[in-house]
1. Can you work out which of the residues in segment 229-246 that are of a type in the set (A, V, I, L, M) and outside any helix (DSSP H, G or I) is nearest to residue 205 (Cα to Cα)?
2. Do the conditions hold for residue 254, that is, is it of a type outside the set (Phe, Trp, Tyr) and either farther than 29 Å from residue 78 by Cα or part of a helix (DSSP H, G or I) (or both)?
3. Name the pairs: first residue in segment 168-181 and touching a residue at least 40 places away in the same chain (Cβ under 8 Å) and among the acidic types (Asp, Glu), second residue assigned to a strand (DSSP E or B) and open to solvent by less than 10 Å² (accessible area, probe 1.4 Å), Cβ to Cβ under 6 Å, at least 6 apart or on different chains?
4. Select, from 76, 68, the only residue that is at pLDDT 95 or above and crowded, with 17+ Cβ neighbours inside 10 Å.
5. Quick check on my filter: what residues within segment 177-215 are modelled with pLDDT under 95, in a strand (DSSP E or B) and either of a type in the set (A, V, I, L, M, F, W, C) or out of contact with any strand residue (DSSP E or B) (no Cβ under 9 Å at 6 or more places or on another chain) (or both)?
6. Do you know which residues across segment 104-155 are farther than 20 Å from residue 185 by Cα, of a type outside the set (Phe, Trp, Tyr) and open to solvent by less than 70 Å² (accessible area, probe 1.4 Å)?
7. Among the residues of segment 138-176, what is the count of those that are modelled with pLDDT of 95 or more and basic (Lys, Arg)?
8. Name the one entry in 229, 233, 283, 216 that is open to solvent by 20 Å² or more (accessible area, probe 1.4 Å) and closer than 22 Å to residue 70 by Cα.
Amino acid sequence: MGNQSSTYVIGDGNVAVSEPWRKISWGDNARDLQYVKEYKPGNKDIKHVRILLYGPNGAGKSSFIKSVSSVIRGRVTTPALTSDKSYSGTYETFKIREEEGNPESFCHFVFNDVMDLKDGDGISSDDIKLTLKGHVKEGYQFKPSSPLSDDDPGYNPRPSADDQVHVLVCVLSANSAEIPDSVLKKMADIREAASELGIPQMAIGTNIDSACPETKKDLKNVYKSQNLKKKVKDFSAAVGVPENYIFPVKNYSDETNINDDVDTLILSALRQMINLGDDFIYKM
């Protein structure tokens with residue numbers, strides 16, 4: 001790998017399928033779907049759980065938001081988030097429409113997707129720390145060479161409880177070869193800042209079908225795959241998130257129709273995000 005050091009290395013793709021190492025109810029999505037669509041924060045000052053996604057280049061943050069929209073609306077969607085805004089580093093809140101044909105009906109959780117964490121450039125960890133506290137205004141353009149300062153027009157000096165992040169989600173690709181040490185350092189800084197603020201944290205592992213041949217054949221093998229179990233363990237060691245707070249998912253990519261098994265994994269992760277955010281909101 002030249003002089004570039006790498007702390008995180010994924011295995012060679014060999015798979016052993018055994019008894020499930022985590023229990024999940026397949027094909028019983030109605031209850032979880034109803035829960036996430038009908039959820040409302042108990043705190044009257046907060047309209048929605050704010051979920052901040054962060055991670056390295058190519059992890060699948062925007063694809064995950066698109067996939068959540070597809071699950072909620074019952075069809076594969078391409079919402080406005082696939083415009084250039086999320087890729088250019090503009091701070092934008094992504095709302096998920098709850099009902100077809102009703103443009104004013106939104107779920108009571110939102111996503112924010114920041115610039116990728118990269119080796120040498122990308123968004124600074126200082127900017128993400130300000131984002132956690134709600135100091136970044138909607139529409140602010142992140143500048144890797146110049147972190148946000150309190151005299152910038154994009155700085156929100158008095159963030160409300162609604163502006164603050166309520167749950168922090170690390171997004172990693174199970175099919176990625178490595179994460180450079182410099183990116184891991186940024187991730188550690190972000191986790192530490194979130195911990196100091198008491199913000200709950202979890203992670204999702206995307207691209208599990210590309211990383212595991214048996215899971216590609218049948219998504220129900222995800223929690224039987226020893227290879228993916230090892231990747232979850234590796235994720236945990238690399239990013240500091242406990243294994244039981246790491247959720248493997250498959251994003252919608254080339255599908256044209258909804259798939260129950262894809263929905264099951266996405267809903268499992270989404271419900272955990274909402275629950276963690278709700279716990280945090282309750283204590284605010």
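The values are calculated or read from the model by the stated rules, or taken from the named source; none is laboratory data. Treat the numbers as computed from the prediction; the structure is a model and nothing was measured. All Cβ positions, even for glycine, are placed from backbone atoms using ideal geometry, and neighbour counts span all protein chains on display. Accessible surface areas use protein heavy atoms only, side chains included; no ligands, DNA or RNA. Shrake-Rupley method; radii C 1.70, N 1.55, O 1.52, S 1.80 Å.
1. To start, the set of residues in segment 229-246 that are of a type in the set (A, V, I, L, M) comprises 232, 237-239, 241, 246.
Next, from what is left, pick out any that are outside any helix (DSSP H, G or I): 241, 246.
Details: 241: 12, 246: 7 Å.
So the residue we want is 246.
2. Values: of a type outside the set (Phe, Trp, Tyr): yes; either farther than 29 Å from residue 78 by Cα or part of a helix (DSSP H, G or I) (or both): no.
Considered against the rule, which asks whether it is of a type outside the set (Phe, Trp, Tyr) and either farther than 29 Å from residue 78 by Cα or part of a helix (DSSP H, G or I) (or both), residue 254 comes out as no.
3. Every condition considered, the pairs that remain are 178/8.
4. 68
5. Answer for segment 177-215, where residues must be modelled with pLDDT under 95, in a strand (DSSP E or B) and either of a type in the set (A, V, I, L, M, F, W, C) or out of contact with any strand residue (DSSP E or B) (no Cβ under 9 Å at 6 or more places or on another chain) (or both): just 179.
6. The answer is 105, 107, 108, 110, 112, 134, 135, 136, 139, 149, 152, 154.
7. Number of matching residues: 1.
8. Details: 229 fails: closer than 22 Å to residue 70 by Cα; 233 fails: closer than 22 Å to residue 70 by Cα; 283 fails: closer than 22 Å to residue 70 by Cα.
Of the residues listed, the single one that is open to solvent by 20 Å² or more (accessible area, probe 1.4 Å) and closer than 22 Å to residue 70 by Cα is 216.
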